[in-house]
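Right, one structure below, let's go through it.
Where a number appears in this text, it was derived from the coordinates with a stated rule and is not lab data. Given the structure is predicted, the values throughout are model-derived calculations rather than measurements. Neighbour counts are summed over all protein chains in view; Cβ atoms, including those assigned to glycine, are modelled from backbone coordinates with ideal geometry.
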Amino acid sequence: MAGRRKASNAAALVAVLIVAVAAAASAIKLCGVDESAVDVCKPYCKVGSTKAAPDPLCCDKVKTARWSCLCNYRSVLPSDIDAARVMDLASKCKCDYPPASCDAN
């Protein structure tokens, strides 16, 4: 009986840790952009996208971006994401401090 209770307590602890890690992970920001921006901006940023402009929610999510920081990650984007369209978000969304060029970084 005590062995079952220990296993049950251990399983509960693992579940709590998983929830805590998931909650913390969703709050992680990279260069001032949180993970939720990925899903809302992806339709505009996908390779082959013909969307003329990103969704307004996407622009809301990237307003706080530090674009010169994001330039450092252009080379590690997934192959289905167009790096040029990602960086175009700065001007399309009229962000406050877009870099003049990623080449300057």
Integer Hz, Karplus 6.51/-1.76/1.60 couplings in order for the range 83-88, x for Gly and Pro: 4, 5, 5, 4, 6, 5
Where Lys and Arg each count +1 and Asp and Glu each count -1, what net charge lies around residue 35 among other residues with Cβ under 15 Å from its Cβ? 0
Contour minus Cα-Cα span, residue 75 to residue 46, at 0.36 nm per residue, comes to 8.9 nm
Listed peptides 68-76, 80-88 by packing density, highest first (mean Cβ within 10 Å): 80-88, 68-76
Just add up the charged neighbours of residue 63: K/R +1, D/E -1, any other residue whose Cβ is under 14 Å from the Cβ of residue 63. +1
Across the range 49-62, in residue order, what do the Karplus-derived ³J(HN,Hα) couplings come to in whole Hz, using 6.51 cos²θ - 1.76 cosθ + 1.60 with θ = phi - 60° and x for Gly and Pro? 4, 10, 5, 6, 8, x, 5, x, 5, 4, 4, 4, 6, 9
